[in-house]
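Chemist: Handing you this structure, nothing more for now.
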Amino acid sequence: NKEKRRNFWISRELDEQITQRLAKNEQVIIFLNRRGYSFFVQCKACSFIFECNSCSVSLTLHANGKLSCHYCEFSQQLPEGCPECTKKEFIKKGIGTQQVVSILERLFPQSRVARADMDTTVKRKLWQQTLADFQSGDIDILVGTQTITKGYHFPRVTLVGILWADLNLHFPVYNAPETTLQQLIQVAGRAGRESLNSSVVVQAMQEHPIFEFLNEIDYMKFYNQEIQARDMLKYPPCGRFCEIELMHNDKSTIERESTRVAA
């Protein structure tokens, strides 16, 4: 129930699990599925997402308030209210790792929280120090993106919380379910391989079939389901995409030539 949470982005179950792990001096990883912000628009009340009726991908929000499909010509103006529940509160920009760190510091003031994503790993020394502090137990909760899925071994981590696990599912690309599932399986593997009481808490705005396949056992079932959808829409590997990129210093030349190539 969203109403009874201490914070919108942290479910009650995850909140309780973090509290329990910290009490036992165990460590927690909180994973956010990307560094930046969402491209799509989602209703905060009922989780409805604007999608293209023809291409089965989410519509991308552009600066002029237009929602456009990246595969076909379809576009529409963003309405004032949600078509499903008529509420007027949309998530347009999502949440970033820095915001998650601030939320956790507020909810768990006694804990030491650090961030590990590309913004910090670019500064290699800072990343190495963060890693060393987490390994030695000087950090209780590590918040990160893809960086923390890359095979690191953290024996004292007994809880992995995945926020907005369905976020990348709504990216306007045909293979979003495949790449999202691969990433979630990888991050779930960070939860204490040496502890029998380890947990992974997966939070999503919407139900989706891929959450049935997180156990790594039924991957072929996922493949069989996914390949049917790809075949129906002639997406790879059942069809091929070709991208033609034109470059020129003069804008009018590019417009003229690209129209000719498209024709």
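The values are calculated or read from the model by the stated rules, or taken from the named source; none is laboratory data. Predicted, not measured: the structure shown is a model, and the values here were computed from it. Note: ideal-geometry Cβ built from the backbone for every residue, glycine included; neighbour counts use all protein chains shown. Areas reflect the complete protein model, heavy atoms only, side chains present, ligands, DNA and RNA absent. Shrake-Rupley method; radii C 1.70, N 1.55, O 1.52, S 1.80 Å.
Chemist: Return the FRET efficiency for the residue pair E105, Q77: r is the Cβ-Cβ distance, R0 is 35 Å, and the value is rounded to the nearest 0.05. Don't skip to the answer; put the middle values down first.
Modeler: Details: r = 39 Å, r/R0 = 1.11.
Between E105 and Q77 the formula returns 0.35.
Chemist: Would you mind putting 7-17, 134-144 in packing order, based on average other-beta-carbon counts within 10 Å, highest first? Spell out each step's value before the answer.
Modeler: On the way: 7-17: 15.9, 134-144: 19.9.
Descending packing order for the listed peptides: 134-144, 7-17.
Chemist: Okay, next question. In degrees from 0 to 90, rounded to the nearest 10, what is the angle of the helix 124-136 Cα long axis to the longest principal axis of the chain?
Modeler: It works out to around 40 degrees.
Chemist: Okay, moving on. Could you order the peptides 164-175, 243-254 from most to least packed, using the average number of other C-beta atoms within 10 Å per residue? Mind dumping the intermediate values first?
Modeler: On the way: 164-175: 20.6, 243-254: 8.2.
Ranking the peptides 164-175, 243-254 by packing returns 164-175, 243-254.
Chemist: May I ask you to rank T145, T19 by accessible area, largest first, using a 1.4 Å probe over the protein chains only? Display every interim value, and only then the final one.
Modeler: On the way: T145 0, T19 70 Å².
Descending order: T19, T145.
Chemist: What's the angle, to the nearest 10 degrees (0 to 90), between helix 176-188's Cα axis and the longest principal axis of the chain?
Modeler: 10
Chemist: Continuing with the same structure: Can you send over the carbon and sulfur percentage of the accessible area for the chain, probe radius 1.4 Å, protein chains only?
Modeler: Working: 7260 of 15050 Å².
Within the chain, the accessible surface is 48 percent carbon and sulfur.
Chemist: What order do R21, R240 take when sorted by accessible area (1.4 Å probe), most exposed first?
Modeler: Values: R21 15, R240 225 Å².
Ranked from most to least accessible, the order is R240, R21.
Chemist: So which of K92/K125; K4/K87; K66/K234 end up more than 22 Å apart, counting from Cα to Cα?
Modeler: Numbers: K92/K125 34 Å; K4/K87 19 Å; K66/K234 27 Å.
From K92/K125; K4/K87; K66/K234, over 22 Å: K92/K125; K66/K234.
Chemist: List the relative contact order of segment 106-263 as a percent without decimals, with contacts defined as Cα pairs under 8 Å and 6+ residues apart.
Modeler: Numbers: 145 pairs, mean separation 27.7, N = 158.
Across segment 106-263, relative contact order equals 18 percent.
Chemist: OK, next. Once amide H atoms are built 1.01 Å from N in the peptide plane, which residues 5 or more positions from E51, or in another chain, come under 5 Å H to H?
Modeler: Here the answer is L59, since their amide H atoms fall under 5 Å of that of E51.
Chemist: Return one number: the angle in degrees, 0 to 90 and rounded to the nearest 10, between the long axis of the Cα atoms of helix 12-23 and the longest principal axis of the Cα atoms of the chain.
Modeler: Compared with the principal axis, the helix lies near 40 degrees.
Chemist: OK, next. Accessible area per residue for the chain in Å², computed with a 1.4 Å probe and the full protein assembly in place, what is it?
Modeler: Values: 15050 Å² over 263 residues.
About 57 Å² of surface per residue is accessible.
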